[in-house]
Amino acid sequence: MLEVLTPGLLDTVQDAGRPDAADMGVPAGGACDPWSMAVANLMHGNAPGAPVVEVTLQGPVLAVRETCTLGLAGADLGAIVREEHRPLAIGLVHQLWAGTTVAFGAPAGQGCRAYLSLAGGIDVPLVLGSASTCLVGAFGGIDGRPLRSGDVLRPARQEDVSAAGTAWPADGGLGPGSLVEAKAGAHIRVVPGPHAERLGAPALEALTGAEWRVESESNRMGVRLSPTSEGLRGQPGRNTGELLSFGVVSGAIQLPPDGRPIVLMADHQTVGGYPVPACVITADHHAIGQLAPGDSVRFVVVSIQQAQLLYREHRASMRAAIAELARTSTWDEAWRDAGG
Amino acid sequence: MKSADRPQIIAFGDSALLLELGDQIDLELNRRVHALAKVVRDDGAWGTPVPAYASLLVPYDPAEIGVDEAVDRLSALFARAGTAAKRAPVEADAEPVEADAVPGEADTEPLEVPVRYGGEHGPDLDEVARGHGLRPQDVVALHSGVTYRVYMLGFAPGFAYLGGLPPELATPRRATPRDRVPPGSVGIAGQQTAIYPMATPGGWQLIGRTDLKVWDPSAEPPALLQPGRRVRFRPVV
């Protein structure tokens, strides 16, 4: 059991979200980097979409009130056990002793979101079928808000510390494809969007021909981009203005009148009115979720058929890791249940 | 594309299709959108469809089916449901929409929404009135004098886009959106009006406020205003 002493920049409870409530105007929500959420959970023997804490850039300070295990995945945000001067590696389940404190330092490398798992998942009530914090609706997670001092994180399963030491068999960091070399300029794969034809070929060419920088206004709703100096030649085409509102998907790249694209993320509004020249492929959603302000991004076009093949490979690599995890650990039953 | 006679299915990314029935706010078009949403929900082979004014977003699992098969299956589903919609534009035989196909139409009586217009509750009322050469009380009379209809939900949980605004009240969004619109605020944007279910940023012109709770995640259904529901505003002090 953990208690929040000092909250981080934005710590929220997230799970697989509530995609089935989109027709009520509810954002799908869920982890911005679903791959890393699954890694954190699976190491713990949880279902891949069990509730975790998503930590953003600057993590919280957590007091360990009862001895427990903590799984860490996603970006390395410099977690340590203060009293023991023990760094907590990513891709591992750590044992934490009552009376100690977990703190976070500065982001140690790439990415901006870390995922924290407890045995059985974080114990919070489900709202509309999900534990995810819906910030706009102020429901889900813990009272519909980011974590704050005094909040208690309880494991949903009786803690027996047997998961301690479990390591993710593949790279526990930022997911497959090694596309998240954000500091060097991430290459994110896209397919032409529903308005690619209407906007004309130059729009897609401008989007893919330029380098983009992630703006600090980015949040769980969307990654905001502006052209780097090199990218200035690429205003992504003429903007056709606002369209009659239509349902939109995560990964859609909206083009507002100012020509600065917004990549929609987990908490995006369910409908939008800006033209969508391209969409990030599902297999790269986890990479988008790790883009930090200042990172640079390039977009590479693939066909929808290729994107779907890549997604099946993405899932297969997760299944392979789960099989390896099951082979080397005592948690195999839980992993089987997790649908590996 | 002006109306329902040329519906099209296009890919929206690698995991959804978008059915476009038209590009305007039109009652019959919108009723068909919701009827088709019901067809998709009832079929059970898709993610939850998201109906909008004149389009329907239909998610699918790309690990299960490819895009071409998804388009074929959805076309076939709509063909069976009596509404042809193919990748290539075709003439559709627009069947009348069944009576129970649009959820909010089951309530025949309009929902009455009590609104305190103007002042601190509707900080943009005077400006909206000035912009149209009207007195504030004329705006109130016009806004509360007609029956609206829920066309779609979006923007925020339970946020219902109401169509039927008297044309003389049509007003563009504010140039600079507010960082925080109080919950219950009644706003105008373009030819639409709506109630903000919760405190959110927002760019609509705020003319009043209601105490009626239009969103409650623990209620069934959580959104009080369902597509097709008719709504009237009643001025209160």
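The values are calculated or read from the model by the stated rules, or taken from the named source; none is laboratory data. This is a predicted model, so every value here is computed, not measured. Here the Cβ positions follow ideal geometry from the backbone for every residue, glycine too, while neighbour counts run over all protein chains shown. Side chains included, ligands, DNA and RNA excluded: accessible areas come from the protein's heavy atoms. Shrake-Rupley method; radii C 1.70, N 1.55, O 1.52, S 1.80 Å.
The table below lists the values:
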| item | result |
| --- | --- |
| Residue within the range A:89-111 that is out of contact with any strand residue (DSSP E or B) (no Cβ under 9 Å at 6 or more places or on another chain) and at pLDDT 95 or above present | no |
| Within the range B:8-46, tally of residues that are under 29 Å from residue A:306 (Cβ atoms) and open to solvent by 40 Å² or more (accessible area, probe 1.4 Å) | 4 |
| Residue within the range B:209-232 that is in a strand (DSSP E or B) and within 11 Å of chain A (Cβ to nearest Cβ) present | yes |
| Residue list for the range A:65-85, restricted to those being in contact with a Gly (Cβ under 8 Å, 6 or more places away or on another chain) and closer than 23 Å to residue A:157 by Cα | A:72, A:73, A:74 |
| Among residues of the range A:4-51, those that are outside any loop (DSSP other than H, G, I, E, B), in contact with a Ser or Thr (Cβ under 7 Å, 6 or more places away or on another chain) and open to solvent by 10 Å² or more (accessible area, probe 1.4 Å), counted | 6 |
| Subset of the range B:47-68 [more than 7 Å from chain A (Cβ to nearest Cβ), out of contact with any strand residue (DSSP E or B) (no Cβ under 9 Å at 6 or more places or on another chain) and either part of a loop (DSSP other than H, G, I, E, B) or open to solvent by less than 20 Å² (accessible area, probe 1.4 Å) (or both)] | B:61, B:64, B:65 |
| Subset of the range A:47-58 (residues that are closer than 16 Å to residue A:319 by Cβ and either hydrophobic (A, V, I, L, M, F, W, C) or touching a strand residue (DSSP E or B) at 6+ places or on another chain (Cβ under 7 Å) (or both)) | A:47 |
| Residue among A:160, A:143, A:151 that is out of contact with any helix residue (DSSP H, G or I) (no Cβ under 9 Å at 6 or more places or on another chain) and within 14 Å of chain B (Cβ to nearest Cβ) | A:143 |
| Test set (1) over 20 Å from the mean Cα position of the chain (by Cα); (2) among the aliphatic types (A, V, I, L, M); (3) buried (at least 24 other Cβ atoms within 10 Å of the Cβ) - residue A:73 fails condition number | (1) |
| Test: residue in the range A:277-299 that is over 22 Å from residue A:136 (Cα atoms), open to solvent by 10 Å² or more (accessible area, probe 1.4 Å), part of a strand (DSSP E or B) and in contact with a His (Cβ under 6 Å, 6 or more places away or on another chain) | yes |
| Residues satisfying the stated conditions in the range B:137-181, i.e. more than 13 Å from residue B:204 (Cβ to Cβ) and aromatic (Phe, Trp, Tyr) | B:148, B:151 |
| Tabulated pairs, the range A:200-227, first polar (S, T, N, Q), second open to solvent by less than 30 Å² (accessible area, probe 1.4 Å), C-beta under 6 angstrom, 6+ apart or interchain | A:208/A:299 |
| When residues of the range A:105-156 are limited to those that are assigned to a loop (DSSP other than H, G, I, E, B) and among the hydroxyl-bearing types (Ser, Thr, Tyr), the one farthest from the chain's Cα centre (by Cα) | A:149 |
| Top-ranked residue of the range B:75-88 - restricted to ones that are under 25 Å from the mean Cα position of the chain (by Cα), of a type in the set (A, V, I, L, M) and at pLDDT below 55, ranked as nearest to residue B:55 (Cα to Cα) | B:85 |
| Residues of the range B:145-171 satisfying the condition of being part of a loop (DSSP other than H, G, I, E, B) and either open to solvent by 20 Å² or more (accessible area, probe 1.4 Å) or among the acidic types (Asp, Glu) (or both) | B:145, B:146, B:147, B:155, B:164, B:170 |
| Selection count, the range A:178-199, where residues are surrounded by fewer than 21 Cβ atoms within 10 Å (Cβ to Cβ) and modelled with pLDDT under 85 | 6 |
| Matching entry among B:91, B:127 (being more than 14 Å from chain A (Cβ to nearest Cβ), open to solvent by 70 Å² or more (accessible area, probe 1.4 Å) and modelled with pLDDT under 95) | B:91 |
| Filter result for residue B:190 (more than 23 Å from residue B:221 (Cα to Cα), open to solvent by 10 Å² or more (accessible area, probe 1.4 Å) and within 11 Å of chain A (Cβ to nearest Cβ)) | yes |
| Residue pairs meeting the criteria (Cβ under 7 Å; at least 6 apart or on separate chains; first in the same structural domain as residue A:207 (by TED's automatic domain parsing) and at pLDDT below 95, in the range A:288-304; second among the acidic types (Asp, Glu) and open to solvent by 20 Å² or more (accessible area, probe 1.4 Å)) | A:293/A:215; A:296/A:211; A:298/A:211 |
| Criterion violated by residue A:90 - all others in (1) of a type in the set (A, V, I, L, M); (2) closer than 30 Å to residue A:25 by Cβ; (3) within 17 Å of the chain's Cα centre (by Cα) satisfied | (2) |
